[in-house]
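Derivation of every value follows stated rules applied to the coordinates shown; laboratory data play no part. Keep in mind that this is a model prediction, so the values were computed, not measured. Neighbour counts are summed over all protein chains in view; Cβ atoms, including those assigned to glycine, are modelled from backbone coordinates with ideal geometry.
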Amino acid sequence: MNLRIPGPTPCPPEVLQAAAGQMLNHRGPEFGAILRRVTDGLNWVFGASRDVLSITTSGTGGLEAAIVNTLSPGDRVLAVSIGSFGDRFGNIAAAYGADVQWYKTEWGEAADPAEIGRRLDADPGIVAVLVTHNETSTGVTNPLQAIADEVRKRNRLILVDGVSSVSSIPCPVEEWGLDVVVSGSQKGWMVPPGLAFLYMSDRAWAAYERSRMPKFYFDAKRHRDSLERNQNPWTPAVSVYFALDKAFELMRAEGLERIYARHREVAAYTRERVKAMGLKLVPVDERFASDTVTAVWWPEGVDGRALARRAREEFGVVLGGGQGKLEGKIFRVGHMGWVNREDVREALDVVERLLTEARAAASA
Ligand SMILES: *Cc1c(COP(=O)(O)O)cnc(C)c1O
């Protein structure tokens, strides 16, 4: 099977083998050593000088942790949404009682840093900006560094959903002055679902001290205090830690710059192929097209759902579909984590073949 959804993504065989290891005491020294190594690996990839926390939960749990650990009910936040994951981040804040102001773009567009600056100037009461780095639903990567500059200039917090970017697209959290950054194990990290990663800056920890949103399982301080003893506060997804420990070996051998270059190269190849088929990308401006997932409009007159079903049933190629209002209208090709050009070539060959057949049938 060629799994080309944007997460969970395929894992290298040696990572799966590591995940199959026997259980051990999650409060004992063997697991403690693994947790320490994994945390060092996270710090390396995030570009963080203080420990990145790992929490047993999905990416959405990580987003919830970002909110409850820095905000209080009634806090005004600017939720920048360019797609369904941006909506989700803002909706979590609203669920916990934040006063959410929305800046939404058309789906397929990136956010405009200058517009964010204007909205912050117009509303000094906004304490934090929520933003998606890589919007997986539309295949658009926001200009995060420029956005962070606007937010920092005005001294507000910037909370980032980096679930489908960190480890595959550069996101040096301290260099860019980000306050909270969340990622998720099943996207670009070459491991199964089960862990979310949470970076918090000194400013975010200061905000933690003020924050009054309810928290228990996701309480960052409990996680930080346990980590000092090389433990998690609760029983962690031990097998995913085994997997991640191995994945970091592979990532260190390849090197971050080469990992980023591989993602850029595979993404460029994907875009060239779909354009050569006469298909249109969902990203309106290709400069903001994602290096981890490519979103493509199904052409007029082609039943995309039927085509995707044939790709899966007859060729074992599993494409991502559209989410929310894009359902049935687009397909997505995931290319993050353990991926090379051949994986994508095989999937796109199948799409091209089925598309040619469908177009011939439509014109017959
Ligand atoms: C996948 C994803 C999430 C949600 O992660 P889950 O693990 O499904 O909870 C959030 N944000 C982005 C950008 C994602 O790609």
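In plain terms, the C-alpha convex hull of the chain casts an average shadow of 17.5 nm² when viewed from every direction.
Remark on segment 99-198: hydrodynamic radius 14.1 angstrom, per the Kirkwood mean of 1/r across alpha carbon pairs.
A simple spin-label model places the labels of Ala253 and Arg212 5.3 nm from each other, with each point 7 Å out along Cα-to-Cβ.
Please work out the Cα center distance from segment 292-360 to segment 4-29, rounded to the nearest Å. Value for the Cα centre distance between the two parts: 28 Å.
Hey, any idea what Rg/Rh is for segment 256-363, computing Rh the Kirkwood way over Cα pairs? Let's see the in-between values first.
On the way: Rg = 13.6 Å, Rh = 14.2 Å.
Ratio value, two decimals: 0.96.
Look at the alpha carbon pairs under 8 Å that are at least 6 residues apart: their mean separation over the length of segment 13-252 gives a relative contact order of 30 percent.
Percent antiparallel among DSSP beta bridges with both residues in segment 13-252, to the nearest 5? For segment 13-252, the DSSP antiparallel bridge percentage is about 35. The distance separating the Cα centre of segment 79-107 from that of segment 181-199 comes to 21 Å.
Relative to the dominant Cα principal axis of the chain, helix 304-315 is inclined by about 90°. Got a sec? Charge dipole of segment 13-252, +1 on Cβ for Lys and Arg, -1 for Asp and Glu; which of Gln17, Phe89, Ala79 is way out at the positive end? Farthest along the dipole direction, towards plus: Gln17.
Compute the FRET efficiency between Ser363 and Asn155 as 1/(1 + (r/R0)^6), taking r as their Cβ-Cβ distance and R0 = 51 Å, and round to the nearest 0.05. Using R0 = 51 Å, I get an efficiency of 0.30. Its relative contact order, with pairs defined as Cα atoms under 8 Å and 6+ residues apart, puts segment 256-363 at 29 percent.
The slack between Glu106 and Asp349, meaning 0.36 nm per residue of separation minus the straight C-alpha distance, is 84.4 nm. Taking every alpha-carbon pair in segment 1-132 and binning the separations at 5 Å intervals from zero gives 2, 8, 13, 15, 16, 15, 12, 9, 6, 4, 1, 0 percent. What does the helix-only formula give at 222 nm for the chain: each DSSP H stretch with n ≥ 4 adding -39500 (n - 2.57), the total divided by the residues, and the result rounded to the nearest 500 deg cm²/dmol? It comes out at -14000 deg cm²/dmol, rounded to the nearest 500. Springs join every pair of Cα atoms under 10 Å in this Gaussian network model of the chain, and among Phe31, Phe216, Phe242 the largest mean-square fluctuation is at Phe216. Summing Cβ point charges (Lys, Arg +1; Asp, Glu -1) relative to the Cα centre of the chain gives a dipole of roughly 360 debye.
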